[in-house]
Structures are given as structure tokens and as C-alpha cells.
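The values are calculated or read from the model by the stated rules, or taken from the named source; none is laboratory data. Source: prediction; values computed, not measured. Glycine also receives a Cβ, built like all others from the backbone with ideal geometry; neighbour counts cover every protein chain displayed. What goes into the accessible areas is simple: the full protein's heavy atoms, side chains included, and nothing from ligands, DNA or RNA. Shrake-Rupley method; radii C 1.70, N 1.55, O 1.52, S 1.80 Å.
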Amino acid sequence: MRPNLVIFGRSKNTVREYSSVLRNKGLDVFPTVEVVDIDPLLKLKKVDGVITLHEGDIDLTKSVVERVRSHDLGPPIICMMARLDKELVLSLIDQTDVHFVEGGIEDIDVCLCKIRMLMDKKKRLMHPASSDLKLYETIQDMVDWSWKIGPEGQFVYSRTSRSVALGYDNQDLTSMSIFDLVPVINREDLSTRLESARAKMAPLKLDDLKIVSSSGRVLHFIVRAIPLPMMDGSFAGFIGFCIDNTEKVEALEMANKAREWNSLIIESIPEAIVVVKMDGEVVAANVKATEMFGYRSQEEAIGEQALDLIPDYEKARVTEDLALVKKGVCLGIRRYDVLRLDGSSFKAEVNYASLLNDITGRPELLVLIIRDITESERAANELEVSRSRYKQILENIPGFIFETDMDLCLTFISPSCRAYGFFEEELIGKPLFDLISEKDRVKIAGELEDRLDDHSFNNIIFRMPDAKGKERVMIMSGSPFSGSGNTQMGYRCIVRDVTENMYRLREMDDTWVLYNMSLENIGEYIWATDLDRRITYISPELRRTCDIATGMSIDEACTNTMEPSYRQRLIELLDQMLPKERSLEEGDRASRTIEVEMKRRDGSTIWIDHRISILRDASGSPTGIFGLGRDITERKRSHQKALESFNLLKNAFWKFPDPLLVVDTKHRGLQVLDCNKASIQELGYAYDELVGKRLNEIVMGLDIEKVLDLRDRMIKGESVTIEGVHRRKDGSLFDVETKMFLAEMGSRPAVFCSTRNITELKRNIACHERERSELLMLKNVIRSIGICNFPEELLEMIMPMVREGMGFDLAALFIFEEGRVEMLRFDGLDVHSPLEMFGDDPFIKAFIVNKIVQNGPEFYDQMSDGPYGAKELGIDALCSLPFSMGKKRYISILMANVKNREFTRSDKETLISVWTLLNEAIEKYHLKSRF
């Protein structure tokens, strides 16, 4: 059977040459150089295979493959190439109907074998008994590594190309398993994939099989393996073909790492980097740029218009600069005012770093490096101010600065030398010794010669005559300076005028003598220690008083002079001020005070108040401890006596029998500051409840303004007594008499209130007044009996006296004669009240008739026992006093109250006495009228 083949290529001559060879071998060939001609040929002809001649154009070859594969049951494709294109193989590795042949026209037989093998579907690929052994060998030549493994993965056969750096000999591999070459972490996955292909008897595809070479390098292979059945149907193993993909994988990894490194480098640059199009649109920005302009992320910045971040007054200049960049002008660095998203502006330095062109050579992208120079400009301004200040200081320094060469000749001198009458021009070039007095030149020359060997000199004192000849005392310090190449050029020195200081030092020497004499004769207790807490100084007074000597430690001195409790307190205080575990510079700078009781040499004790502080040197570092003590023994004794007196007064205040309250007059509500036990018991509050309570919550109807007015009287020293009503915690009220006087409580004035319960006293006074009123009433009754001529006149006169004396609200005089009752007189409440009907009430009249015949006083506290109409008229208490006038003629006096009142025993006895006196007087009238 002669195969029909389509051959495609880009060169007509090459296609014609291949077609001629294939026709000579007896094949039907349809050559073409156009991709579009493939479809008609496949549709009209019965094509057994397509040969495409690959000449390096991968896209063209892939388009041919796509054309062929677009036909259902399309023929296989043979791709011939002079040299194996691994990139093409990798791109089509998953296409099972695409096969590759490496070689030229002389290898056309390989293509024919491949086509015949595909046509003969009954024969299996690479079978030992196959007649296509040549094709199998050709495939082996095309791939980088071919192998055959047994059912357990042992290598049966292996063949590698020279380009594969596996490092194992093919013969050595037959004693190894494929799992021995795979990293441990990938072995389980490989085993699973092999088992799955074996179970399905399907080809195995591995796009990245990692193999460890003998040198330890990991190689990457693209693997296609075919399961091999035995003649009896059992599984014989796999035959595999591998293409070395290591270089591509490593290249991709390197590219990814390079991309990561480049990104990391860009993000690590402290300046903002922005890439914009020529119209100003942002296409890329690093994190620093997003932070600088206030964007939340890099994605938010991309697509924004960069010119929107330029103020209006800067846009014209920026536009001109962009136009120059488009023309190829190198602008370098420009400074602009730019905006953040929040509208704030800042100074920026923009570097037009790079201009990127497109494939046509036109400018496409512009790389900008932006730096915020706000702080640098501020620092530059501050530096300029500092330079100006230092220049001013240099010109006004009490002295001058100069430089000399190696021969000590002046090469520079500061303008401040003019203060001594010199000018810079006249001194430059002269020897240094011309400034020094002739008296000191020899001495200074010797000192400089000795000290210049040490490369520096400090505090050299000499006399210098000024331009007028007046000598000044100067102090000089200097050091060498070097030029380029680290070569010593000369000496740089500063000279300070210490004339005034020298005079002061002399005065200080005299002052120190006086100070030392004063310190030795002062009466205070002074002591000092070093950092090891060993006593370095003791004042004479402390040495005479206590058993302490210089050289002692603080612990030893405290043991000799203090009780353990005071010694412990002092040591803890020193530990706090200068702890051993901290650095010396961290010592406590504040002074502390402590009172301790110390033993004298004679065994008696003395109280001393020590003020302790840290001694420091000129640099502020601690050098020791300083203590200054004062004798406070008398003050302690006075304080103890005052404390005892205070406790005595406090106890007396608490146990005082009358309630006492201390009130704050500055507080508008007259707040209670303190109270004693009696007030707590009287008012029923707890101490914490009563203290802080306002006085108007205790005193009923308190007039605060009146109390504040009374305070003015108390300020003058008067004590004020007032009466009022207090309310207990349970709500009950009682009368009190309060005596108040002003006193100081701490730093504020307070009113001390002494209260006395006068409820019973008031009740006794009321009873006394009542009895007095009753006696007066009886006296008037007796007097009235002697002056009245008729009983009716007597009763009419007596009735108002009795009502007022006994405190009744109303009284009425009734007469009963010939079966008729009539009210003769009404006295008491307003006649316009409902009680004016009292005399016309039938029930009242009936009550009078019933009670008159009893001929005796009657008292009614409960109106349920009295006349029926009395309660309706508002009467709560009623008393009836009946009198017999003879011949069936009676007179009755009714006393009544409209407010609730009970008849006491005294009330009843008084009314009965009045009734008895009146009865006796009426009987006397009767007797007198008979004769």
C-alpha cells in the first residue's frame, strides 16, 4: 500500500527536492508552500501523513499543526528539522499525533519508517520483534535519555546523550532503580503515577521529573513512558523517553529570581521611582512613591495623571521640561513644588533618569526618580543660620583662632583679633612668638617644643601685649591639621582671654579660706561619703556628738549610732538614691529628707533631720553622697506634746455628752465636716452618713442666708444661740437649742454647733402656760361671781372667759324652759362659718335636753358618742356644763373644738371646778331671791 503524503515547507526549492526523493521511493506526494492549501488537500485527498519541514519558525509550524488537527481523525504529523528544536518539542509535547525527526533529506527513510509504523496499528511501538527497530533507534537519537524499567522500577536498559550531565554510566544504572535517582520528597508521587499508568495501561506523561545526578545537581526532564505488556498479557515494565529541560527550568528560575531581586532593589531604593507615559499617565510606581504622594497602594497610583499632582503655578514649567525631554534634551535634576492627595505640598527634586523608546524609536516611557527635599532644605537653611551664628561667635569670641604652618608662622587668624587692636593682614606671615610677651617667649618655646611631640598642646598660659601695650593673660590650646594625602600642614589653635578669670581665682583663694573656717565652726551636722559609701568628711559638731570617724562605712557608722529600724530606713533611702545595679549617671538628682534618732557619745539620744543629696562633678556624674543634719530634738518633744493634747481634745470632742456638729461655712449647703458620738446617737445616722451631709437635710426650715449673716457676728467673737427643729434619719422631728461659735479647722473657718434636745422643756413650758391661763381664768370667774346680780348675766360673762382660758374654738349658752331650747349666746369662730347653725340643729337641742336632766358635766372625745349633727358640722371634741335654775328652768354651756384634741385630766378637773363654783353661786342667788 503506497502512502499518500502532504509535504509543507517555506522554501519552494526545498519542498521540490524532498518531493522528488519521496516519489522516487514510490510514494504519492502533494507538495505545498502555503498553509491555506492544506485544508483542501486534506478534504479532497486521502492523506496518510503530513510532513512539515521546520526551518526555525515555531509559529509557522504550530499553525500547520493546528490546521491538520482541526480535521476529525486527521493524519499524523511528522516534523523534520536539521537540528532538534527543544522549544518546539516542549510546546507540542502534549500532542500525541505530532512526531519529530532530527536530520536532513538523507534521513527521509526515518520519516517513511515512522509513517509505516503509524499505519500498521497492529504492531506496538518499540517492540523488540518489531520491524520498526530503526524507528525506535531514531527516536532514541532524538531524545536526551531513553530507558526501560521493570515492574518494580529497576533499570533494564538505559541510553543517554552526551549533552545530559547525569553522571552515571549506562551499565551502572542497570543495577539501580529509577526511585534511587528521584529526590526522596518526589518518590511517593512518582510511584503513584506509575501505578496509575500501569493499572490503565495508558501512556505516562511527566512534564517535570526531577533526577539527582551523581554530582548532586537536580536535573529536570520531560518524560513520556509507555507501559509494555508481555506476550501472556502480564506487565513487563515501562519504556521511557526523556528530554532534558534543565536549562529552561533553571533559566526560568533565574529569571524569576532576577525579577524578585530587581523588585527588591527598586523597593529598597529610598527615593520614589515613577514610570509615566509621555502624556503623564502613571504606569508603574514603587512603594516609596505611593507613600510619598499618599496613595493606599501601588495599584491605586497606576493609571493616575501625574500632572494632577503639580500645582497650577508649576504646570507650565513642567510641561516645557517634558517637551524638552521628548526632543532628547538631557535635563538632569529639576526642583518643583508637588502635591499630595490630601492637598498638602512639599518640595521635590525630580531626576529625569531615563527615556524609553518603542520599537519605532519614538519616546514612549519616562523614568522619574523623585526625592522629598523638604527636610534637606530645612537642614540647609538651619545650616546657613548656624554658619551665620558661628561666624558671629567667631568674630565676637573672647579671644581668637589662628592657623600656622609647620614653622609656627601665622597663615590664618580670625577677625576677633581686632578686639586687641590687631588686623589680620598685618599678622599673617609673622611668627607666633610675635604675639607673646618677651617675658614668656623662652618659657612658651620650651613648652611647645615638649608638647608638639605629642601632636597636641592644651592650656598653655602666656601674656600677650595688645596694640596699646597693655598685657593680657591668654590661654592657648591647639592640635595639628592635615591636608590632602594625610600630610600634616600645620597647627590650628584657639586662644582665650582669661585675664578677668585670673583675678577672680585670686579672690576665690581668699574666699575658700573663709569658707573653710566657717565650715569648721558651723553648728550643723555635716557629712560626706564617696561612691563606696565610706565617710570622707565629718563636721566637728557631728564628730563631737556621735561616735563617727572618717574612713568608716555608712553601715558601721549607723550600727554605732542608730537603732536597727532607723538604720534600715537610712540604708534603703541611700539604695534608692544611688542604686548599685544602675550606672552612676542614673543616680537620683533630687535630695531626700529623713528623721532618725541617734545615740550621743554619753549614751543619751538626739533627733536629727538629715537632708541627703548626691555629690556630682562638673560633668554631672555622681562622686559621692552629701548629708546636712539639724538637731530637731526640741521640735520632736513639742510635737509629741501637741499630739497628746490633740488626742485628748479629740477624745473629749467625741465623748462630749451634747451632740456636736462642725459645719463648713464656705460650702453653700453648709456641709457637715465632723460630728461626735452623741450627735450620731441623737440623729440615728452612721458616722460616714452624717459627715458630708448638708445641714438643710437635718435642720427643718433652715434659712441659709440667716446663718451666713450670723457668721459675721461669730467672726467678731460672739457665740450665737438659736432654736429650731431637727429631723432624725427615721423622719421623726424634735426641738433643739443650738449654740454656735466660729473656729479654725485646719486652714478654713468652720462653725462648731452644740445642740440640746428641748422637746420636753417646751412641753413643760406649754403646760405651765396652760395652767397659768387656767388659774387666771378661775380668778376671773371668782371675781365675776361677786359683781353679777343674775345667773344668766353671770353665765354670759363667764362663758368667753372659760373658752379662752381652756383654749376651746367655740362656746354656746342654751336655755331650756317649758319644753323649749333656745341659744342665748354664741362665741368663738367666725359667725359666717357652718357652725352658725349650731343653735338651730335639732340633734344638738335634743342632746342638751337629755344631758341637762343628768345635772353634771359631760366630755366627748369621740363624736360617735355625741350628738348626731356635731360631726357633720366639723366638731371633733365637745363638753357640756348643765345648770339648774329652778322651776323646770335649765341653762347649759357647750364647749367645742374643730381640731382634734383630747380632754386631759387637767382639762376635766378645771372644767369641773368651774362648774362647781358656778353651781354654788347660782344656789346662792336662789337662796338670796327667796328672802
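Do we have Glu106 as at pLDDT 70 or above, loosely packed, with under 14 Cβ neighbours inside 10 Å and farther than 18 Å from Leu204 by Cβ here? Can you show your working first?
Working: at pLDDT 70 or above: yes; loosely packed, with under 14 Cβ neighbours inside 10 Å: yes; farther than 18 Å from Leu204 by Cβ: yes.
It is true that Glu106 is at pLDDT 70 or above, loosely packed, with under 14 Cβ neighbours inside 10 Å and farther than 18 Å from Leu204 by Cβ.
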Mind listing just one residue for me: the one in the stretch 447-481 that is of a type in the set (Lys, Arg) and free of Cβ contacts under 8 Å to residues at least 12 places away in the same chain and, of those, least open to solvent (accessible area, probe 1.4 Å)? Arg451
Checklist (1) open to solvent by less than 50 Å² (accessible area, probe 1.4 Å); (2) modelled with pLDDT of 85 or more; (3) of a type outside the set (Gly, Ala, Ser) applied to Lys248, failing item: (1)
Please work out which residue is nearest to the chain's Cα centre (by Cα), limiting yourself to the stretch 206-245 and to residues that are surrounded by 15 or more Cβ atoms within 10 Å (Cβ to Cβ) and among the charged types (D, E, K, R). Lys210
I'd like the full set of residues that are in a helix (DSSP H, G or I), open to solvent by 50 Å² or more (accessible area, probe 1.4 Å) and under 14 Å from Arg340 (Cβ atoms), limited to the stretch 274-321. Lys288, Glu291, Glu300, Asp308
Limited to the stretch 251-262, what total is found for residues that are at pLDDT below 85 and either assigned to a loop (DSSP other than H, G, I, E, B) or open to solvent by less than 60 Å² (accessible area, probe 1.4 Å) (or both)? 2
Count - residues of the stretch 24-51 that are open to solvent by less than 60 Å² (accessible area, probe 1.4 Å), assigned to a helix (DSSP H, G or I) and polar (S, T, N, Q): 0
Residue list for the stretch 409-429, filter: part of a loop (DSSP other than H, G, I, E, B) and open to solvent by 90 Å² or more (accessible area, probe 1.4 Å): Phe423
Considering residues of the stretch 600-649 that are in contact with a Leu (Cβ under 7 Å, 6 or more places away or on another chain) and open to solvent by 60 Å² or more (accessible area, probe 1.4 Å) only, the residue farthest from Cys546 (Cα to Cα): Thr623
When the residues of the stretch 510-540 are filtered to those that are of a type in the set (D, E, K, R), at pLDDT 80 or above and open to solvent by less than 60 Å² (accessible area, probe 1.4 Å), which remaining residue is farthest from Ile632 (Cα to Cα)? Asp530
I'm checking my understanding of the structure. Among residues of the stretch 864-892 that are in a strand (DSSP E or B) and at pLDDT below 75, which one is surrounded by the most Cβ atoms within 10 Å (Cβ to Cβ)? Ile891
So, Phe235, is that one modelled with pLDDT of 90 or more and aromatic (Phe, Trp, Tyr) or not? no
Just a yes or no: is a residue in the stretch 492-505 on the phi < 0 side of the Ramachandran plot, without any contact (Cβ under 8 Å) to a residue 24 or more places away in the chain and part of a strand (DSSP E or B)? no
Among (1) modelled with pLDDT under 85; (2) open to solvent by 50 Å² or more (accessible area, probe 1.4 Å); (3) farther than 30 Å from Tyr336 by Cα, there is one condition Met406 misses while meeting the rest; what is its number? (1)
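Could you check the stretch 134-205 for helices (runs of 4 or more DSSP H) lying wholly inside it with 2 or more residues that are exposed (fewer than 14 other Cβ atoms within 10 Å of the Cβ)? Spell out how you get there, then give the answer.
Details: elements: 170-173, 178-181, 184-200.
Correct list: 170-173, 184-200.
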